[in-house]
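The next block holds one structure in the form of structure tokens; read it before the comments.
The numbers here are math on the coordinates, done by the rules we state, and not lab data. No experiment lies behind these values; they were computed from the predicted model shown. Positions of Cβ are backbone-derived with ideal geometry, glycine not excepted, and every protein chain shown enters the neighbour counts.
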């Protein structure tokens, strides 16, 4: 039986972290409705696995690992993810650069993310949108810090090359 104290604690967990988790999943999936559903599932999984949080690393890093795992499990269950990414990439190719799109249409960020692999997308979002350190991303993805740094570097290069963006730091 769930106590009212447990219910209040769960509500506080969601209140404190839902915007991070939802934004992460929205950027990862490209689908706001799916992301909101996955966020709910993520909080339920996190609540059920709360005792597995060791206190090592940040809590938000652990929570995003739960969200990322929930996303991957969902992806395995459905082909919808591939359709969304293909659609985003297709729209990105066809949209005029000068056309102003409403907020609910595909943004430049979504276009940039669409050229990345799933792993690159997840790591870039964790780093730049969620502000996680390389170590925290490594903890969340079970990757060594060096690999995380390499993925971020490759992801930035892929975006630069795909959209012909000049790197002012390197010429």
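Quick one: the Cα spread of segment 1-77 along its three principal axes, in angstroms, biggest first?
35, 26, 23
Subtracting the Cα-Cα distance from 0.36 nm times the residue separation, let me have the gained length for residue 164 to residue 33 in nm, one decimal. Walk me through the numbers before you get to the answer.
Numbers: separation 131, 0.36 × 131 = 47.16 nm, distance 3.17 nm.
Here the answer is 44.0 nm.
If packing is taken as the average number of other Cβ atoms within 10 Å across a peptide's residues, how do 149-160, 17-28 rank, most packed first? Intermediate results must be reported in sequence, preceding the final value.
Values: 149-160: 16.2, 17-28: 20.1.
Packing proxy ranking, top to bottom: 17-28, 149-160.
Once you order the gyration tensor axes a ≥ b ≥ c over the Cα atoms, which shape class does segment 116-171 get: rounded for a/c under 1.5, otherwise prolate or oblate by comparing a/b with b/c? Let's see the in-between values first.
Details: a/c = 2.16, a/b = 1.91, b/c = 1.13.
Because a/c hits 1.5 or more and a/b exceeds b/c, segment 116-171 counts as prolate.
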